[in-house]
Amino acid sequence: MSAESQGHRNHTLVVTVENKSGVLARVASLFARRAFNIRSLAVAPTEDDHLSRITIVVDGESAPIEQVVNQLDKLINVVDIQDLQPGHAIERELMLVTVAVEPEHRDDIVEQLDRAGGKVMSVGADSMMLSLVGDPEHIDTFENLLRPFGILEIQRTGRVALANLDETIE
Amino acid sequence: MKTDGGQALIRSLEREGVEVMFGLPGGAILPVYDPIIDSKIRHILVRHEQGAGHMAEGYAQATGKPGVAMVTSGPAATNIVTPLCDAYLDSIPMVVITGQVPTAAIGTDAFQECDTTGITASITKHNFLVTEAQDIPRVIREAFHIATTGRPGPVLVDIPKDIVDPTNPRSSLELEDNVEIDLPGYKVDTSVDPEAIQKAVELIQNAERPILYIGGGILKSRAAESLLELAELTGIHVVTTLMARGAFPDSHELCLGMPGMHGNFTAVTAMQESDLLIALGARFDDRVTGKLDEFAVSAKIVHVDIDPAELGKVRRPDVPIQGDCRTAIEAMVSVIRDSGSGDTDRTAWKSRISGWQERFPLVYEASTPGQALKPQFVIEKLRDATPADTIVASGVGQHQMWASQYWTFNHPYTWINSGGLGTMGFSIPAAIGAKVGCPDKMVWAVDGDGCFQMTAQELVTARVENIPIKVALLNNSYLGMVRQWQDMFYEERHSEVFLSKEIPDYKGWAESMGCFAMRVDDPDEVEEAIARANEVEDRPVVIDFRTAAEEKVYPMVASGTGNSDVIVPPSQEKEIR
């Protein structure tokens, strides 16, 4: 996330692809071949069995976004590409994180977690596993908050996104 | 009709109008070779799978029809990787069918297994791994549709053995009469935006120093005639890139010839000094632009391309026009016919152009008695002794540049070369493919000795399959272009560029492959040798021309420098100041 904090513009592309084997590899291979950088990537089936949706966050520094979109569009299995405008889309990410925490500090963590809207998933002798869903900046903030405790393991999904409803009505 | 996958594959190729295919059988593709015996498709048995791919490319470039190659799995698939990449960079319509191990064996490192679709994903327009026999007819239709529409390119279809093997129940299918393609993500828009055309025409009308910058897309869109009309209507000079030689007649007064690293001085300089480049089906390749931020700095850009990803990829156009080149040119012509081509005075520009043409023609120093043959001289003699519509296929290196420079291309589809990938060894198989597609035309391969040794075995194919091509081997015993760079940029330190003066014996080698062969050392023997070669119609011909090794390709824009720093031949250096 450092690029964003340095002011580089990242783009969130929602790419609808045919649900066929090898399609993700084609997308990944294209990014490698054209030297475009992926910051985050999430793939899942959609409401239509024939289609999957890939949410890609592209480092806007690595290539002009127009070129990324045009090259992606040349992939035969890519059906649609939306370049989501910041502030005009709902973006969500899930984080699972295990933090080191002595029993006497558990309450501090739980208080922070409640405020952030997260959940305790599992409690160990001197550690806790937490989950949090939110927009990526929210997750970043919470992750930073946990660092002083000592993060033992962390797994983030990469972001998924859909355009705001009023953006899609035209 | 109930049938098996192998039969359905061949039937599907026939339905696509395939008349000829180039290939070599092996284990995994065996079941598809059986129905070939009963098919009207001509199959040409190559000696190396790379040859099959380049033949399909040569066929496609000469005829405009998609080239088809078929090979087996594993090493055969990897051998055809080079032609696929070559066709991808030069936008050549080609369909390659590869055998694959049976579906159940995929992923087990089976004998002759390789991840063909994985390997070729980034060098094909698209590829398919077919896993059900029932999908074969549709996929073949889709492969040809993708290969031949929009920006053309190579498509690979990987076919596991079990779905084509008639003894395997998995190969059984119902072959429908109508096969519908199903490509929801593939749309081709050839139409052009009239507003953009209007803007382009306004720029043309007001330009003082316009240049038509023509790329291979003109040939792909069959737009040579429309281009001639546009050029004559506007009186704008034309440069034809390496991929577009022949798209505009070299003999035409508006033709400035080839631009780029070894382009002629006038073409390079006219682009450089231009105030409007009308790029038609060209892609601002680094070999054309030289150092990008010094390229044609005062020029506005109109860029027409069928591939939207080309618009702005290298140089941002002032007027981008996505669409078919011919449609765009015809639209421009129509607007100009209505509104005129403008009254901008271009007298000064035309006089500058003719000044450059007078001062910087393409030149070489003729050999003095006893000196080795000059390669340029050989090309000139060949050009003068062959029909105007002769197809020239070239390899890659100095001989390629001399062929492009010194031939006079007055017909489209008569120049076949490896432009983007720069594949040595391209010429002989490409010439064979071209001759198969155009049996009534004379086809000459112009080759170098380095290239010749990479694919010469296909002359066996040419002889055995009765494909009488002719090969002009410009043999200087060196990897000439690399030597030239070592001469110019590495203080004449020659590292691994000398091949051999006497080995191989090219005449003996060619004769052993069933060719008629000659060796020519003396300039006085050149014409007669070519005349004899032109008379041979029943077998391939090879002429081993022993040429001067120290000869360099001029002009030259050195790699990494700008196009204003053209290196001219020594005899013109005084003119540059």
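Strands (runs of 3 or more DSSP E) fully within the range B:62-181 that include at least 3 residues being modelled with pLDDT of 95 or more, over 25 Å from B:Ile391 (Cα atoms) and of a type in the set (A, V, I, L, M): B:154-160. Does any residue of the range B:428-443 turn out to be modelled with pLDDT of 95 or more, within 22 Å of B:Glu551 (Cβ to Cβ) and of a type in the set (A, V, I, L, M, F, W, C)? The answer is no, given that none of the residues of the range B:428-443 is modelled with pLDDT of 95 or more, within 22 Å of B:Glu551 (Cβ to Cβ) and of a type in the set (A, V, I, L, M, F, W, C).
Evaluation of B:Asp505 against the conditions (1) in the same structural domain as B:Met454 (by TED's automatic domain parsing); (2) touching a residue at least 12 places away in the same chain (Cβ under 8 Å) shows that the sole unmet condition is (2). Considering the range B:480-558, the qualifying helices (runs of 4 or more DSSP H), each wholly inside and each with 3 or more residues that are more than 30 Å from B:Leu292 (Cβ to Cβ) and either of a type in the set (A, V, I, L, M, F, W, C) or at pLDDT 95 or above (or both), run over B:506-512, B:526-535.
Checking the structure you have, find out if any residue of the range A:79-92 is more than 30 Å from B:Lys313 (Cβ to Cβ) and either within 22 Å of the chain's Cα centre (by Cα) or not in a helix (DSSP H, G or I) (or both). Among the residues of the range A:79-92, at least one is more than 30 Å from B:Lys313 (Cβ to Cβ) and either within 22 Å of the chain's Cα centre (by Cα) or not in a helix (DSSP H, G or I) (or both), which makes the answer yes.
For the range B:103-120, the criterion of being within 14 Å of another protein chain (Cβ to nearest Cβ), out of contact with any Leu (no Cβ under 6 Å at 6 or more places or on another chain) and buried (at least 24 other Cβ atoms within 10 Å of the Cβ) is satisfied by at least one residue.
If you check B:Ile29, B:Ile80, B:Ile10, B:Ile44 for being in contact (Cβ under 8 Å) with a residue 40 or more places away in the chain and in contact with an Asp or Glu (Cβ under 9 Å, 6 or more places away or on another chain), only one passes: B:Ile44. I'm trying to understand the selection: among the residues of the range B:242-254, which are farther than 22 Å from B:Met332 by Cα, of a type outside the set (Ser, Thr, Tyr) and surrounded by fewer than 24 Cβ atoms within 10 Å (Cβ to Cβ)? Scanning the range B:242-254 gives a single hit, B:Asp250. Within this structure, B:Phe545 fails the test of being more than 27 Å from the chain's Cα centre (by Cα) and aromatic (Phe, Trp, Tyr). The residues on offer are A:Val110, A:Val78, and the sole one that is without any contact (Cβ under 8 Å) to a residue 40 or more places away in the chain and of a type in the set (A, V, I, L, M) is A:Val110. Is it the case, given these coordinates, that B:Val536 is touching a strand residue (DSSP E or B) at 6+ places or on another chain (Cβ under 7 Å), surrounded by fewer than 19 Cβ atoms within 10 Å (Cβ to Cβ) and within 30 Å of B:Val436 (Cβ to Cβ)? Considered against the rule, which asks whether it is touching a strand residue (DSSP E or B) at 6+ places or on another chain (Cβ under 7 Å), surrounded by fewer than 19 Cβ atoms within 10 Å (Cβ to Cβ) and within 30 Å of B:Val436 (Cβ to Cβ), B:Val536 comes out as yes. Inspect the range B:58-68 for any residue being within 14 Å of chain A (Cβ to nearest Cβ) and farther than 25 Å from B:Glu310 by Cα and give the result as yes or no. Among the residues of the range B:58-68, not one is within 14 Å of chain A (Cβ to nearest Cβ) and farther than 25 Å from B:Glu310 by Cα, which makes the answer no.
Annotation note: of A:Ser122, A:Ser131, the sole residue that is more than 30 Å from A:His11 (Cα to Cα), out of contact with any Asp or Glu (no Cβ under 9 Å at 6 or more places or on another chain) and not in a helix (DSSP H, G or I) is A:Ser122.
Taking the criterion of being buried (at least 21 other Cβ atoms within 10 Å of the Cβ) and of a type in the set (D, E, K, R), the residues of the range B:298-331 that qualify are B:Asp305, B:Glu310, B:Asp324, B:Arg326. Considered as a group, the residues in the range A:36-75 that are of a type in the set (Lys, Arg) and within 21 Å of B:Asp182 (Cα to Cα) include one that is farthest from the other protein chains (Cβ to nearest Cβ), and that residue is A:Arg53. Residues of the range A:17-35 include none that is touching an Asp or Glu at 6+ places or on another chain (Cβ under 8 Å) and at the interface with chain B (Cβ under 9 Å from one of its Cβ atoms). For the range B:150-183, taking the residues that are crowded, with 16+ Cβ neighbours inside 10 Å and among the polar types (S, T, N, Q), the one that is nearest to the chain's Cα centre (by Cα) is identified as B:Ser171. Counting only residues that are at pLDDT below 95, closer than 10 Å to A:Ala100 by Cα and hydrophobic (A, V, I, L, M, F, W, C), the range A:124-150 holds 3 of them. Pairs meeting the criteria (first residue in the range B:547-576 and over 21 Å from B:Gln272 (Cα atoms) and surrounded by 12 or more Cβ atoms within 10 Å (Cβ to Cβ), second residue among the hydrophobic types (A, V, I, L, M, F, W, C) and modelled with pLDDT of 95 or more, beta carbons under 6 Å, at least 6 apart or on different chains) are B:Thr547/B:Leu373; B:Thr547/B:Leu474. Candidates are the residues of the range A:94-140 that are among the β-branched types (Val, Ile, Thr) and touching a Phe, Trp or Tyr at 6+ places or on another chain (Cβ under 6 Å); the one that is surrounded by the most Cβ atoms within 10 Å (Cβ to Cβ) is A:Val101.
When B:Gly257, B:Gly235 are screened for being more than 27 Å from the chain's Cα centre (by Cα), under 30 Å from B:Val335 (Cα atoms) and small (Gly, Ala, Ser), only B:Gly235 passes. Only one entry of B:Glu380, B:Glu365 meets the criterion of being in contact with a helix residue (DSSP H, G or I) (Cβ under 6 Å, 6 or more places away or on another chain), more than 27 Å from B:Glu232 (Cα to Cα) and either of a type in the set (Asp, Glu) or surrounded by fewer than 20 Cβ atoms within 10 Å (Cβ to Cβ) (or both), and that entry is B:Glu380.
Checked against (1) crowded, with 19+ Cβ neighbours inside 10 Å; (2) closer than 24 Å to A:Ala25 by Cβ, B:Ala60 meets all criteria but (2). A single entry from B:Ser404, B:Ser427 fulfils the requirement of being buried (at least 24 other Cβ atoms within 10 Å of the Cβ), under 11 Å from the mean Cα position of the chain (by Cα) and not hydrophobic (A, V, I, L, M, F, W, C): B:Ser427. Among the conditions (1) of a type in the set (Asp, Glu); (2) within 30 Å of A:Val69 (Cα to Cα); (3) away from chain A (no Cβ under 14 Å), the only one that B:Asp345 does not satisfy is (2). Among the charged types (D, E, K, R), within 14 Å of chain A (Cβ to nearest Cβ), part of a loop (DSSP other than H, G, I, E, B) and over 30 Å from B:Thr266 (Cβ atoms) - does that describe any residue in the range B:188-207? Yes: the range B:188-207 contains one or more residues that are among the charged types (D, E, K, R), within 14 Å of chain A (Cβ to nearest Cβ), part of a loop (DSSP other than H, G, I, E, B) and over 30 Å from B:Thr266 (Cβ atoms).
A quick yes/no check of all residues on (1) touching a residue at least 24 places away in the same chain (Cβ under 8 Å); (2) part of a helix (DSSP H, G or I); (3) touching a strand residue (DSSP E or B) at 6+ places or on another chain (Cβ under 9 Å); (4) acidic (Asp, Glu):
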site: B:Asp338; (1), (2), (3), (4): no, yes, no, yes
site: B:Gly342; (1), (2), (3), (4): yes, no, no, no
site: B:Ser351; (1), (2), (3), (4): no, yes, no, no
site: B:Val363; (1), (2), (3), (4): yes, no, no, no
site: B:Ser367; (1), (2), (3), (4): yes, no, yes, no
site: B:Leu382; (1), (2), (3), (4): yes, yes, yes, no
site: B:Ala388; (1), (2), (3), (4): no, no, no, no
site: B:Gly420; (1), (2), (3), (4): yes, no, no, no
site: B:Gly425; (1), (2), (3), (4): yes, no, yes, no
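The values are calculated or read from the model by the stated rules, or taken from the named source; none is laboratory data. On a predicted model such as this, the values are computed, not experimentally measured, just so you know. Cβ: placed from backbone, ideal geometry, glycine included. Neighbour counts: every protein chain shown.
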